[in-house]
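Quick notes on the structure that follows.
Please treat every number below as a calculation from the coordinates, not as lab data. All figures in this text were calculated on a predicted structure; none of them were measured in a lab. Glycine also receives a Cβ, built like all others from the backbone with ideal geometry; neighbour counts cover every protein chain displayed.
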Amino acid sequence: MSEDANVNTEQEETTQTETTPETTETSTEEPSKDDSKVADLLKKLAAAERAKKTAEEALTSEKSAHAALKRTTKTEAELLEEKQRELEDNAKKYQRMMANAKAKSVLSGTGLSEDDYSSILELITTDDEAHTESIANEIKSLLENQAKKLEKSLREKIMKETPKPPPGDAGSTNKDYEAKARKAMGLT
């Protein structure tokens, strides 16, 4: 026998009149009222559970939609912050470009080619144009001082190596002196 048949049989047995020696009671009305109340409550419970599940699914869907919307949309303050950062970055790039140009200008005045000073140009360029110019001027001064010292030492060396002209006949010795001077300077 199936379960449904068992339930129907039990219900039929409870709806029959029971007789006891003392009293006779008919229980046909009460069990059907209770059964219908239980059935109604079960239907309401099932409907409430379906409504709860539907509401939870809708809430989850709304939360994910809200999170996605929040990720894609930015508040006005966030947009302003982003724009401000972008402007600050551009300003720093411009300052660095200007400082680089200033350093090139200073270093080009040393007599060096751009290839000669390009390797140190990035090292001395900062966001502060005045600081970069100061460093470039220090390098320029250092190079100029080294050039002056080298020139002085070369002059002294040439003067030491240049023979003194002999006294007397100035016509013939001037040519010899000139040839010796050219030889000492490495011109011939």
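Odds and ends about this structure:
- Modelled FRET efficiency - R0 41 Å, residue 64 with residue 95, Cβ distances, 0.05 increments: 0.35
- Residue-wise HN-Hα coupling along the stretch 120-130, computed from phi with Karplus coefficients 6.51, -1.76, 1.60 (Hz; x: Gly, Pro): 9, 4, 5, 5, 9, 6, 10, 6, 9, 4, 5
- Residues in the stretch 128-158 reached by a label modelled at residue 184 [backbone nitrogen below 12 Å; 7 Å Cα→Cβ]: 155-158
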